[in-house]
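K.L.:
I have a structure here, written as structure tokens, and I will follow up with some questions on it.
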Amino acid sequence: MTTKQKTSPGQTFVPGHNYARAFGTSMRISQKSASIVCKAIKNKPLTRAKRLLEDLKAERRTLGGKYYSKAVKNMLMLLNSCEKNAEFKGLDADRLFVHASAHKGANVRRRRRKGAFGSTMKNTNMEILLIERGKERKDKVSKKKVKEQMTKKPTAAEQEIRAEKEETKRELERLKEEQKELLKDVEEAEMKSAAKE
């Protein structure tokens, strides 16, 4: 018998895989614009989604001829927050896929004098999930391990091997120089013998 996980308030669904979540409430952006941006990055790998949002922010790319600057700025902020949450949870960054959604926020009216109602302000609730999907590569070495190996101090044996390599390199260079000098001497001797004939 399987137990069904409950969704927290504002959460659209609970994925079957490991995930990280970020939620923005009552963001002062158009729900329509936010939905278009969400649709553009949905089900894309994290790196591609981030690149698309950064390109839209820098106005290098468009979505249907528009940049959606305000929505993109807020979405990028949420995505970065969600990425930090995923990192904290120990999720594999190479296997993260984006799920994004935008919903209408609470109705808020601008205040006007004499009790008259003002115009309604745009409010949107946005949610981003980074879901860990796909198979883990066994041959893959994590960036953290590579960094640790690079910063690790070499042992005495490694230092000795490195010194021997440098010595061999210097010896090879010296031999090359000697070979060049010998070739010069041979050429000079040949030129002299040719001149005598």
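The values are calculated or read from the model by the stated rules, or taken from the named source; none is laboratory data. Fair warning: this is a prediction, and the values are worked out from it, not measured in the lab. Note: ideal-geometry Cβ built from the backbone for every residue, glycine included; neighbour counts use all protein chains shown.
K.L.:
Name every residue in the range 51-65 that is of a type outside the set (Val, Ile, Thr) and either farther than 20 Å from Met27 by Cα or in contact with a Pro (Cβ under 8 Å, 6 or more places away or on another chain) (or both), in order of residue number. Give the derivation first.
P.N.:
Our first condition is that a residue be of a type outside the set (Val, Ile, Thr); within the range 51-65, this holds for 51-61, 63-65.
Of everything in the range 51-65, those that are of a type outside the set (Val, Ile, Thr) and either farther than 20 Å from Met27 by Cα or in contact with a Pro (Cβ under 8 Å, 6 or more places away or on another chain) (or both) turn out to be Arg51, Leu52, Asp55, Ala58, Glu59, Arg60, Arg61, Leu63, Gly64, Gly65.
K.L.:
When you scan the range 61-68, do you find a residue that is in the same structural domain as Arg95 (by TED's automatic domain parsing), closer than 16 Å to Ser101 by Cα and out of contact with any Lys or Arg (no Cβ under 9 Å at 6 or more places or on another chain), even just one?
P.N.:
Yes: the range 61-68 contains one or more residues that are in the same structural domain as Arg95 (by TED's automatic domain parsing), closer than 16 Å to Ser101 by Cα and out of contact with any Lys or Arg (no Cβ under 9 Å at 6 or more places or on another chain).
K.L.:
Return the residues of the range 40-58 that are in a helix (DSSP H, G or I) and more than 21 Å from Asp94 (Cα to Cα); say none if nothing qualifies.
P.N.:
Leu56, Lys57
K.L.:
Any residue in the range 42-61 that is of a type outside the set (D, E, K, R), surrounded by fewer than 16 Cβ atoms within 10 Å (Cβ to Cβ) and in contact with a Ser or Thr (Cβ under 9 Å, 6 or more places away or on another chain)?
P.N.:
Pass one, the range 42-61, residues of a type outside the set (D, E, K, R): 43, 45-47, 49, 52-53, 56, 58.
Still in the list and also surrounded by fewer than 16 Cβ atoms within 10 Å (Cβ to Cβ): 43, 47, 58.
Keeping just the survivors that are in contact with a Ser or Thr (Cβ under 9 Å, 6 or more places away or on another chain) gives none.
Taking every residue of the range 42-61 in turn, none turns out to be of a type outside the set (D, E, K, R), surrounded by fewer than 16 Cβ atoms within 10 Å (Cβ to Cβ) and in contact with a Ser or Thr (Cβ under 9 Å, 6 or more places away or on another chain).
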